[in-house]
Amino acid sequence: MMKNVSIRLQKKFMEEAEKLAKLEMVDKSAIIREALEKGFAEVKLKTAVELFSEGKASTSEAAEVAGLSVGELMDELVRRGVKSSTTAEDLAGSLKTALKSVK
């Protein structure tokens with residue numbers, strides 16, 4: 001369900017939205033909605049990457065913030081050159097915990 005909101009945008013942004021709307025033969029509000037959705041997705045991803053790289057969030061927590069699967073987030077971390085601070089001991093502990101939950 002969509003909700004109406006009122007926002008103020010710079011004149012140049014509105015002019016560009018109108019041009020794109022004419023080119024794509026859609027309503028100006030559709031262009032603005034798409035821009036907001038894509039921008040919001042990028043903000044969520046940026047926040048998730050920062051939290052992960054600062055050690056404030058695990059891979060799964062960061063993926064949830066970004067709205068991605070763990071695999072998708074890991075791919076994005078690689079693309080951005082973010083290194084994991086996970087040690088072999090951390091992985092061994094996680095594996096032991098996972099194996100215990102399977103039994």
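Bear in mind these aren't lab numbers, they're just calculated from the coordinates by the rules spelled out. All values reported here derive from a predicted model rather than from experimental measurement. Note: ideal-geometry Cβ built from the backbone for every residue, glycine included; neighbour counts use all protein chains shown.
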Exercise for review: Grab the DSSP H runs of the chain that are 4 residues or longer, score each as -39,500 (n - 2.57), total them, divide by all residues and round the 222 nm result to the nearest 500 deg cm²/dmol.
Suggested key: -23000 deg cm²/dmol
Review point. To the nearest 10 degrees, how steep is helix 70-79 against the longest Cα principal axis of the chain, on a 0 to 90 scale?
Key: 80 degrees
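Using the Cβ atoms and a cut-off under 12 Å, what net charge is assigned to the surroundings of Phe52, where Lys and Arg are +1 and Asp and Glu are -1? Mind dumping the intermediate values first?
Numbers: positive: Lys46, Lys56, Arg80, Lys83; negative: Glu50, Glu54, Glu61, Glu64, Glu76.
That works out to -1.
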Study note, to complete from the structure: For the stretch 11-102, using Cα atoms only, the Rg and Dmax in Å read 19.3, 59
Practice item. Could you state the angle between the C-alpha long axis of helix 28-53 and the longest principal axis of the C-alpha atoms of the chain, as a value from 0 to 90 degrees rounded to the nearest 10? Key: 20 degrees
Check your understanding: Percent relative contact order of the chain, based on C-alpha pairs within less than 8 angstrom and at least six residues apart?
Key -> 15 percent
Practice item. For helix 11-24, report the angle its Cα long axis makes with the longest principal axis of the Cα atoms of the chain; keep it between 0 and 90° and round to the nearest 10°. Key: 90 degrees
Review point. Which of Ala88, Ile31, Met14 sits farthest toward the positive end of the charge dipole of the chain, with +1 on the Cβ of Lys and Arg and -1 on the Cβ of Asp and Glu?
Key: Met14
